[in-house]
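Undergrad: Got a structure here, written out as structure tokens. Questions coming.
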Amino acid sequence: MSRKTPQAIRGTQDIFGADAEAFAFVVETFERVRRLYRFRRVEMPVFEKTEVFARSLGETTDVVSKEMYSFDDRGGESLTLRPEFTAGIARAFLTNGWQQYAPLKVATHGPLFRYERPQKGRYRQFHQIDAEVIGAGEPQADVELLAMADQLLRELGIHDVTLHLNTLGDAESREAWRAALIDYFRAVKDQLSEESQERLEKNPLRILDSKDPRDKPFLADAPKIDAFLSEEASAFFAAVTSGLDAAGVKWVRAESLVRGLDYYRHTAFEFIPDEGSASAAALGSQSTVLGGGRYDGLMESLGGAPTPAVGWAAGIERLAMLVGERAEPKADVAIVAEDDASMLVAIAAQMGLRAKGLTCDAFLSGSPRKRFDKAVKSGAKAILAYQMVDGKVTGRVKSEDEALGIQLLQFEHQTSL
């Protein structure tokens, strides 16, 4: 009896070919840029104790209540596949004594997991790049983090996006704004969407980014954070914006951009495709390319001392969609054994060339008469073909790259001595 081949789990993907090259290009560019900014690489566990995410993200958030992959291990402890990076990095900062390195700049990338409806550019297993600055309370940390994000996007070739920026104020400013929003939306509660009615008492800031048509008529006249900013909070935001101007990062004010969790402070931001741009068309309604903010209150929610921090994350799959398909690079050299007698010399040659940093494909099997033709069709920049002539293996070079051809001739001459 034949057995049916298992299929991939819904919301996961197998990445291959040009798509895999675009994915790798995003990661390689991120690694290069984070080194320029001196962000230290960290690797985090794929799962944590469930309480790490429940306490960090909030028990009532959709991520915790609906989207986490949680399970009990054999010891009866509840564990969760990470739905984001920041909570795990904050836990590591507190439990590993990383406070000694503060201010600490760290970056990572890898898979994350959320049980949500799969859609364009979003999966149940997805991948993110992530950068965090922990232990730096000054606005210059926000500026550097945003400049890094801006440079990353430009080096990926994504130019049709703009930084949308807002301030949530300090704790005092935020609380005064929150109270004003509750008073304002209470007056029209019966006309709000069901979701916004639920958020009204618990998380009124989230109403401001509602996309429901029933809520939109009330958003324009809702109280603005600027009316409640303390002098210190206003000065902080001014320092961020002037720093971005000095760094050459273009930005626009987005007064409705919020972060609902109480531990967020000051800067909140998203890089969003410009209206009518190619990136906007590629991403559709799910428009944010990269986003983050300052979360000065997070460490306390995990039992640590008050610690300022700011960070951002971006989906690799979504960035890869904007990068577009990238052809798999052709080999520098195609090695050909034009007869079986030259096989061992060809094998040794490809290892020698790889040791010199040249990429190689080898054509050592199949019809000897067709091996050279296959090497030509491969599109390699140069061909080094070996053949037994008068009892001696000799090589010949074919290359349209003069410098590479000379290098191969010198290599062949040295190895034949």
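Values quoted throughout were computed directly from the atomic coordinates according to the rules given, and no laboratory measurement underlies them. Keep in mind it's a predicted model, so treat the numbers as computed, not measured. Note that each Cβ is placed from the backbone with ideal geometry, even for glycine, and that neighbours are counted across all protein chains shown.
Undergrad: If the only charges are +1 at each Lys and Arg Cβ and -1 at each Asp and Glu Cβ, what is the size of the charge dipole of the chain around the Cα centre, to the nearest 20 debye?
TA: So the magnitude is around 1360 debye.
Undergrad: I would also like to ask the following. Share of antiparallel DSSP beta bridges in segment 333-416, in percent to the nearest 5?
TA: In segment 333-416, DSSP labels about 45 percent of beta bridges as antiparallel.
Undergrad: Using modelled backbone amide H atoms (1.01 Å from N, in-plane), which distant-in-sequence or interchain residues come within less than 5 Å of residue 266's amide H?
TA: 168, 169, 170
Undergrad: Something else now. What is the Å³ per residue value for the convex hull set by the Cα atoms of segment 89-139?
TA: Convex hull volume per residue, Cα atoms: 110 Å³.
Undergrad: Got a sec? Charge dipole of segment 198-254, +1 on Cβ for Lys and Arg, -1 for Asp and Glu; which of 228, 240, 251 is way out at the positive end?
TA: Final value for the positive-end residue is 251.
Undergrad: Considering only 68, 364, 53, whose Cα is most displaced toward the positive end of the charge dipole of the chain, charges sitting on Cβ of Lys, Arg (+1) and Asp, Glu (-1)?
TA: Towards the positive end, the residue furthest out is 364.
Undergrad: For the chain, take the longest principal axis of its alpha carbons; what is the angle in degrees between that and the long axis of helix 86-95, to the nearest 10 within 0 to 90?
TA: 90
Undergrad: Under a Cβ-only charge scheme (Lys and Arg +1, Asp and Glu -1), can you give me the dipole magnitude of segment 14-82 about the Cα centre, in debye to the nearest 20?
TA: On the way: 11 positive and 14 negative charges, 116 e Å.
The dipole of segment 14-82 has a size of about 560 debye.
Undergrad: Per the Debye formula with a single identical scatterer at each Cα and no solvent contribution, what log10 I(q)/I(0) holds for segment 1-75 at q = 0.26 Å⁻¹?
TA: Log10 of I(q)/I(0), two decimals: -1.09.
Undergrad: Would you calculate, for the chain, the mean residue ellipticity at 222 nm contributed by helices, counting each DSSP H stretch of 4 or more residues as -39,500 (n - 2.57) and dividing by all residues, to the nearest 500?
TA: -11500 deg cm²/dmol
Undergrad: Non-local amide H neighbours of residue 359 (under 5 Å, H modeled in plane, Pro and chain starts lacking H): which ones?
TA: 332, 333
Undergrad: Sticking with this one: Which residue fluctuates the most in the chain, going by a Gaussian network model with Cα springs under 10 Å, if the choices are 95, 167, 307?
TA: Answer for the Gaussian network model of the chain: 95.
Undergrad: Post the alpha-carbon centroid distance, segment 114-149 to segment 293-318, in whole angstrom.
TA: Cα centres, segment 114-149 to segment 293-318: 10 Å.
Undergrad: Determine the equivalent ellipsoid of segment 333-416 by diagonalising the alpha-carbon gyration tensor, then write out the semi-axes as square roots of 5 times the eigenvalues, largest first, rounded to whole Å.
TA: 18, 15, 11
Undergrad: Relative to the Cα centre, what is the charge dipole magnitude of segment 333-416, using +1 at the beta carbon of each Lys and Arg, -1 at the beta carbon of each Asp and Glu, and rounding to the nearest 20 debye?
TA: 180
Undergrad: Where does the Debye-calculated log10 I(q)/I(0) of segment 295-380 sit at q = 0.14, 0.20, 0.26 Å⁻¹, using only Cα point scatterers of equal weight, no solvent?
TA: Here the Debye-derived log intensity ratios amount to -0.65, -0.92, -1.18.
Undergrad: Between the alpha-carbon centers of segment 1-72 and segment 322-380, tell me the distance in whole angstrom.
TA: Their Cα centres are 35 Å away from one another.
Undergrad: Related question: Could you tell me whether segment 88-182 comes out rounded, prolate or oblate from its Cα gyration tensor? Rule is a ≥ b ≥ c as square roots of the eigenvalues, rounded for a/c under 1.5, then prolate if a/b exceeds b/c, otherwise oblate.
TA: Rounded.
Undergrad: Along the positive direction of the dipole of the chain (beta-carbon charges: Lys, Arg +1; Asp, Glu -1; about the Cα centre), which of 301, 166, 92 reaches farthest?
TA: Checking the options against the dipole of the chain, the answer is 92.
Undergrad: Does the chain come out rounded, prolate or oblate, given a ≥ b ≥ c as the square roots of the eigenvalues of its C-alpha gyration tensor, rounded meaning a/c under 1.5 and, failing that, prolate meaning a/b above b/c? Let's see the in-between values first.
TA: Values: a/c = 2.45, a/b = 2.20, b/c = 1.11.
In terms of gyration-tensor shape, prolate.
Undergrad: Take the alpha carbon gyration tensor of segment 158-242, find the square roots of its eigenvalues, order them as a ≥ b ≥ c, and report rounded if a/c is under 1.5; if not, report prolate when a/b exceeds b/c, else oblate. Intermediate values should be presented prior to the final figure.
TA: Working: a/c = 2.70, a/b = 1.38, b/c = 1.97.
Since a/c reaches 1.5 but b/c is at least a/b, the shape of segment 158-242 is classed as oblate.
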